1. Restricting segment 330-357 to residues that are hydroxyl-bearing (Ser, Thr, Tyr) and either in a loop (DSSP other than H, G, I, E, B) or without any contact (Cβ under 8 Å) to a residue 40 or more places away in the chain (or both), which is nearest to Val26 (Cα to Cα)?
2. Any residue in segment 273-300 that's under 15 Å from Val254 (Cβ atoms): show its pairings with residues that are at pLDDT 95 or above and among the acidic types (Asp, Glu) at Cβ separation under 6 Å, as long as the two are six or more apart or on different chains.
3. Considering segment 292-311 alone, what residues qualify as being modelled with pLDDT of 95 or more and charged (D, E, K, R)?
4. Yes or no: segment 291-311 includes at least one residue that is within 23 Å of Thr359 (Cα to Cα) and part of a strand (DSSP E or B).
5. Could you list, ordered by first residue, the pairs with Cβ atoms under 7 Å in which the first is in segment 74-85 and aliphatic (A, V, I, L, M) and the second is in a loop (DSSP other than H, G, I, E, B) and buried (at least 17 other Cβ atoms within 10 Å of the Cβ), at least 6 apart or interchain?
6. Name every residue in segment 467-517 that is touching a Cys at 6+ places or on another chain (Cβ under 6 Å) and either at pLDDT below 85 or not in a helix (DSSP H, G or I) (or both), in order of residue number.
7. In segment 40-76, what residues are within 25 Å of Ala329 (Cβ to Cβ) and surrounded by fewer than 16 Cβ atoms within 10 Å (Cβ to Cβ)?
8. Those residues that are among the basic types (Lys, Arg) and touching a Ser or Thr at 6+ places or on another chain (Cβ under 6 Å), I need them from segment 473-488; list them, please.
Amino acid sequence: MNPIPAELVARATVSYDALQTVGETVYWIEGRESGDVLVRWTAADGRQDVLPEGFHVASRVHEYGGGAYLATERDVWFCDADDQRIYHVRDHRHPVPVTPVPTSPGALRYADLRLLPGTDNLVCVRERHEETLVHNELVILPGDGSAEPTIIASGDDFYMSPEPSPDGRKLTWVSWNAPLMPWDGARLWLADVRPDGTLTGTRLVAGGGDESVCQPQWSGDGVLHFVSDRSGWWNLYAWREGRTEAVITGEFEVAAAPWEFGYRTYAFQDAQITAIIQQGPQHSLVVRRLAGDIQRLALPYTSIKPYLAMAGPNIAFIGSGPMRLPTVALAESDGSVHELTSADVTLDLASLVQPEPFTFGTRDGGEAHGLYYPPLGGSDRPPPLLVRAHPGPTTNWPLRLDLHTQYFTSRGFAVADVDYRGSTGYGRAYRLGLRRRWGVVDATDCADAARHLASAGLADAARTVIWGASAGGYTVLRALAITDVFVAGIARSAVINPGSWGRAAPKFQAHHAELLCGELSGEPEAAIQRLLLLVHGDEDRVTPLNQVRAFARQLSPGSHLVTVAGVGHTLRGAADIHRVLCMELRHVRDICD
């Protein structure tokens, strides 16, 4: 049982996202150190890169992107990561741009590309940047670039998921307005499509300020389906002639908070629907047949990304588990699984530990959840503890292999991944539990998780450190400021001041802090007396570097800021990941040993 090398963690940088299928062909985006590469798999040819070397696929709408390509039988359209224009590829030829050259780099951005059936026209979301103003809208454009895009829907702050009906005569989409985020409240619209592609007869199908709707899709027979949390959980519904019918419902989530475009957590095949459901940190695949009960599929995966599609008779998805890295997989009707990708690293399973879900009481009488990772090997004394606050803040810690966690557990640390109130996977009420209390209940929930584990003899209260990234970094700062549980903290790409961050953040998040923080907007540095390691990329567009630099100058001696050159909001390069891991380990060892 050897400690997991930092080099191994740094090399395991390939990610899989944005899965789509065309017939039995499977597409996905492979996140490599060089950039996001579009990959295609067929049974005859295996895996192949779709685009010429040097072309990377990524949308920067909302900065988080997603929905950056569309594949059909003959064509691929994609958003180029560098200039953000849409490019067209037919029959494996060289990509050709089909959208105008913007007045400045990144001034025009696109996402959620869809082909209008019976035409060669694309429908998509467009984000226009004009000096200090940002406009979001739906547009239609010829797929060959013969004319400029035409706006077909505008006026709301944000748009997502334009979905044409199978006959091309109707279009549905989701929109919402600040200060709400799409998981707070959004509306699902339906309109008729004129011959020229413009819309008429727009009407509201579902949603509002107190209902989150997302992921509209049409079944093959033309019935509109969508996910709504009207029951208190994101469940699946169908809309027939003005009536809403339950399809897959229960105390579980059939959606993920839409931080990115392109999520699809359910898929149609003949007389059945397959869906990803989430209960706390765990995902499962279920099947609902036309006239039958919901059946859970027995698969060796506990975490499934929100991309699901049918590849002929098989289910295509991206799955992982506590002891296995993510893979693109096909599940066959007999329950067998064929993995299309393999990890570029070899893991010693004897160096990995299994997480244990736990629930704990909070100081205000509530309840919160987490995953506890015991240290590798045994000891006569309680181990030092690393508490991790997830980014988001409206995400969660999934039940899957996390090499950052295992790096510490293989060195004698226990790790607790805390799904503080505000996390997804536990229903709408829990998800809204952070509203107007960000920087308070997330911080105290992390502290209460540490106290719970210490009282159970699973952690050493005198050697407890908190770690977080992005919004989780802000949780770190607040936990150090308002609780006395942690001896030190580590914050990557941290939000420093929600008020000033909201003014500098992308339009998508600019008002997020209004609902989360209420009147809390001040910086916490005056109250932080513990040692703090800050790690920040100098090209971070989500949390500007100038804010963290000003914050770092006011910290006590022994705390410091490490700036990573050429890095945005997330570490991707192997060398950068290796360097930061080693710094984090030194930081906690100096304090906990």
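The values are calculated or read from the model by the stated rules, or taken from the named source; none is laboratory data. What you see is a predicted model; the values in this text were computed from it and never measured. Cβ sites come from the backbone with ideal geometry, for glycine too, and all protein chains shown count toward neighbours.
1. Among residues in segment 330-357 that are hydroxyl-bearing (Ser, Thr, Tyr) and either in a loop (DSSP other than H, G, I, E, B) or without any contact (Cβ under 8 Å) to a residue 40 or more places away in the chain (or both), the one nearest to Val26 (Cα to Cα) is Thr341.
2. Listed pairs, sorted by first residue: Gln278/Glu253.
3. Within segment 292-311, just Lys305 meets the criteria.
4. Among the residues of segment 291-311, at least one is within 23 Å of Thr359 (Cα to Cα) and part of a strand (DSSP E or B), which makes the answer yes.
5. Listed pairs, sorted by first residue: Val76/Val50; Ala81/His56; Ala81/Ala58.
6. Selection gives Pro498 alone.
7. Scanning segment 40-76 gives Thr42, Ala43, Ala44, Asp45, Gly46, Arg47, Gln48, Asp49, Thr72, Glu73.
8. none
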